[in-house]
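One structure is given here, and the rest of the page talks about it.
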Amino acid sequence: MFRQIVRSPVFASATRSANVSRRAFHASRIAKEHYLDATPEVFEKQVINADDPNRLVVVDFYADWCGPCKTLTPLLKRATSDVSETDGQEVDLVTVNTDEQMELAQKYQIRALPTVTAFKGGKPLGHFVGAIPPPELSKALKTWVAAAPPS
């Protein structure tokens, strides 16, 4: 029966006249990289030894069991992909599961979750602890984007 409907001239002309469009997905240079569940190797390459020392890299230290982390991570993904949130600058997001990457959590003295740390030039630039509302997140990102890399 389905084949008959699909092959029918009425269905074919209805789909053509309805101007059915396909949704296309593409990666643009502005939609920045998200490195989810980063290993120490990925962290080293993307955060510490980043190609561009002026590019902001936001690191989200989280755990799967953390309720506020589940709220904050999608906000970070959205904000780091939206150039209006970052004054037109490219921002990368790296997430680190502290239960799996304890050495990174210890190295950066992560004591509470979620902790978000901004890096430029491989060095920490600033941080905040806890889930914050979108306007505060936007303000933090814009502040970090405008800041010079730490010396």
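Worth pointing out:
- Scanning segment 130-147 for residues that are closer than 20 Å to ALA50 by Cβ and not aromatic (Phe, Trp, Tyr) gives ALA140, LEU141, LYS142, THR143, VAL145, ALA146, ALA147.
- In the set (1) in a strand (DSSP E or B); (2) open to solvent by 60 Å² or more (accessible area, probe 1.4 Å), THR71 fails one condition alone, (1).
- Of all residues in segment 117-151, those satisfying the criterion of being part of a strand (DSSP E or B) and not aromatic (Phe, Trp, Tyr) are THR117, ALA118, LYS120, LYS123, PRO124, LEU125, GLY126, HIS127, VAL129.
- In segment 109-129, the residues that are farther than 26 Å from ASP51 by Cβ and free of Cβ contacts under 8 Å to residues at least 24 places away in the same chain form Cβ pairs under 7 Å with partners that are assigned to a strand (DSSP E or B) and open to solvent by 20 Å² or more (accessible area, probe 1.4 Å), at six or more places apart or across chains, as follows: ALA112/VAL129.
- Residue count for segment 87-104, restricted to those that are farther than 17 Å from GLN46 by Cβ and either modelled with pLDDT under 95 or buried (at least 20 other Cβ atoms within 10 Å of the Cβ) (or both): 3
- Segment 123-151 - residue that is touching a strand residue (DSSP E or B) at 6+ places or on another chain (Cβ under 6 Å) and among the β-branched types (Val, Ile, Thr) and, of those, least open to solvent (accessible area, probe 1.4 Å): VAL145
- Across segment 38-51, the qualifying residues are those that are part of a loop (DSSP other than H, G, I, E, B) and in contact (Cβ under 8 Å) with a residue 24 or more places away in the chain, and the one among them that is least open to solvent (accessible area, probe 1.4 Å) is ALA38.
- Scan of segment 53-67 for residues that are in contact (Cβ under 8 Å) with a residue 12 or more places away in the chain and open to solvent by less than 60 Å² (accessible area, probe 1.4 Å), ordered by number: ARG55, LEU56, VAL57, VAL58, VAL59, ASP60, PHE61, TYR62, ALA63, CYS66
The values are calculated or read from the model by the stated rules, or taken from the named source; none is laboratory data. Please read all numbers here as calculations on a predicted model, not as lab measurements. Because the Cβ atoms are built from the backbone with ideal geometry, glycine has one as well, and the counts that use them run over all protein chains shown. Protein only, heavy atoms only, side chains kept; ligands, DNA and RNA dropped before computing areas. Shrake-Rupley method; radii C 1.70, N 1.55, O 1.52, S 1.80 Å.
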